[in-house]
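*Asks:* Mind looking over this structure? Questions follow.
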Amino acid sequence: MNTVGTPENPLQVAVVGSGPSGFYAAEALIKSGPAVRVDMFERLASPFGLVRSGVAPDHPKLKQVILVYDKLARSPEFSFFGNINVGKDIMLGELHQNYHAVLFTCGAETDRRLGIPGEDLRGSHTATEFVGWYNGHPDYRDRVFDLSHEVAVIIGQGNVAAYVCRILAKTADELKHTDISEHALDTLAESKVREIHAIGRRGPAQAKFTSRELREFGELRDCDPGVDALELTLNPESEAELADKNNVVSAK
Ligand SMILES: Cc1cc2nc3c(=O)[nH]c(=O)nc-3n(C[C@H](O)[C@H](O)[C@H](O)COP(=O)(O)OP(=O)(O)OC[C@H]3O[C@@H](n4cnc5c(N)ncnc54)[C@H](O)[C@@H]3O)c2cc1C
């Protein structure tokens, strides 16, 4: 019997999903030995997962990681199959029949629901939808966002909340030199939003924004960032959290 992992019988691996996890897994496999073949299956036509459709369009440096994936994609041990939705266009059983191993690197495509009244009202959207829309993700690019009102509220205190605030706060002029989708740029150029509130369930000690994201608000052309001084007062629990050396927020 032929040993697997030899030039005559290379280890054949199917990788499902073409985001960073898929590419790093493929890279590790290919570098692990000369007798490995990786076939990557992606449900969308184009690769790179959330690097393409999540990372903010005005942060082009972060997207440069694509160059690394691109280089790997050129290696003879690697093939990419776009427009293949595993579980629909091809079944897991079929993959198992043709590969020694199947790796699932499909990301986390669903939103976490808050379970609060009004969550599904008109004008209430998830970040996945809005970010996907402005980044031209095929699942979301046809969504309609009504930006004819003056006030927008963002619920969350992480970097994605900061991206959404920033995209809403930037002028069309600032956005037009970014990687933003044409349709989103047209809609945002007509936006009437003048006031953006970022709301978090806890205080500044627990906020997950990185300092870099916050600083960027001070660099926007037509944005006047404001924080209520009272909101910055720390309660004893928050002070204790910040004093804890294992706390990731205080380490930032
Ligand atoms: C808005 C936003 C901004 C972000 N910005 C940054 C940032 O600036 N810096 C940073 O380091 N991280 C950032 N992240 C996090 C980063 O994008 C993710 O951690 C990373 O993309 C996860 O990689 P992944 O490969 O696990 O999943 P994904 O990137 O989601 O890739 C999964 C891929 O699998 C495909 N897929 C799913 N199901 C199937 C199926 N059945 N068959 C075939 N293919 C399938 C999907 O289409 C997708 O292409 C951001 C995330 C978001 C949401």
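The values are calculated or read from the model by the stated rules, or taken from the named source; none is laboratory data. Model, not experiment: these values are computed from the prediction. We place every Cβ from the backbone using ideal geometry, glycine too, and count neighbours over all the protein chains shown. These accessible areas exclude ligands, DNA and RNA; they are computed on the full protein's heavy atoms, side chains included. Shrake-Rupley method; radii C 1.70, N 1.55, O 1.52, S 1.80 Å.
*Asks:* Kindly indicate the residue of region 217-246 that is under 17 Å from Ile199 (Cα atoms) and of a type in the set (A, V, I, L, M) and also least open to solvent (accessible area, probe 1.4 Å) among those meeting that condition.
*Replies:* Out of the qualifying residues, it is Leu234.
*Asks:* Being buried (at least 22 other Cβ atoms within 10 Å of the Cβ), more than 7 Å from the ligand (Cβ to nearest atom) and not in a helix (DSSP H, G or I) is the requirement here; does Val4 meet it?
*Replies:* So Val4 does not fit the description; no.
*Asks:* Here's a follow-up. Give me the residue from region 45-65 that is open to solvent by 30 Å² or more (accessible area, probe 1.4 Å) and either touching a Ser or Thr at 6+ places or on another chain (Cβ under 9 Å) or among the aromatic types (Phe, Trp, Tyr) (or both) and, out of that set, farthest from Asp89 (Cα to Cα).
*Replies:* It comes out as Pro60.
Results for (1) of a type in the set (Val, Ile, Thr); (2) more than 26 Å from Arg212 (Cα to Cα), shown as yes or no for each residue.
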| site | (1), (2) |
| --- | --- |
| Ser18 | no, yes |
| Leu29 | no, yes |
| Phe48 | no, no |
| Val51 | yes, no |
| Gln64 | no, no |
| Phe81 | no, yes |
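*Asks:* When only residues in region 55-80 that are farther than 24 Å from Glu182 by Cβ and either touching a residue at least 60 places away in the same chain (Cβ under 8 Å) or not in a helix (DSSP H, G or I) (or both) count, which is nearest to the ligand (Cβ to nearest atom)?
*Replies:* Phe80
*Asks:* Next up: Please count how many residues of region 217-252 are part of a helix (DSSP H, G or I) and either outside the structural domain of Val193 (by TED's automatic domain parsing) or modelled with pLDDT under 90 (or both).
*Replies:* 16
*Asks:* Right, next: Does any residue in region 120-149 that is free of Cβ contacts under 8 Å to residues at least 12 places away in the same chain come within less than 9 Å, Cβ to Cβ, of a residue that is within 13 Å of the ligand (Cβ to nearest atom) six or more places away or on a different chain, and which pairs are these?
*Replies:* Pairs found: Asp139/Leu44; Asp139/Ser53; Asp139/Glu109; Asp139/Thr128; Asp139/Glu129; Asp139/Gly132; Asp142/Trp133; Val144/Trp133.
*Asks:* Being within 11 Å of the ligand (Cβ to nearest atom) and among the polar types (S, T, N, Q) is the filter here; which residues of region 10-54 pass it?
*Replies:* Selection gives Ser18, Ser21, Ser46, Ser53.
*Asks:* Considering every residue within region 126-137, establish whether at least one is farther than 26 Å from Ala207 by Cα, within 10 Å of the ligand (Cβ to nearest atom) and not hydrophobic (A, V, I, L, M, F, W, C).
*Replies:* Yes.
*Asks:* Under 7 Å by Cβ, and 6 or more places apart or on different chains, what pairs join a residue from region 106-117 that is open to solvent by 90 Å² or more (accessible area, probe 1.4 Å) with one that is assigned to a loop (DSSP other than H, G, I, E, B)?
*Replies:* Once the first residue is open to solvent by 90 Å² or more (accessible area, probe 1.4 Å) and sits in region 106-117, its partners that are assigned to a loop (DSSP other than H, G, I, E, B) give Arg113/Glu119.
*Asks:* Considering region 100-122 alone, what residues qualify as being within 14 Å of the ligand (Cβ to nearest atom) and on the phi < 0 side of the Ramachandran plot?
*Replies:* Val102, Leu103, Phe104, Thr105, Cys106, Ala108, Glu109, Thr110, Asp111, Arg112
*Asks:* Next question, about the same structure. For region 145-176, give me each residue that is polar (S, T, N, Q) and within 16 Å of the chain's Cα centre (by Cα).
*Replies:* Gln157, Asn159
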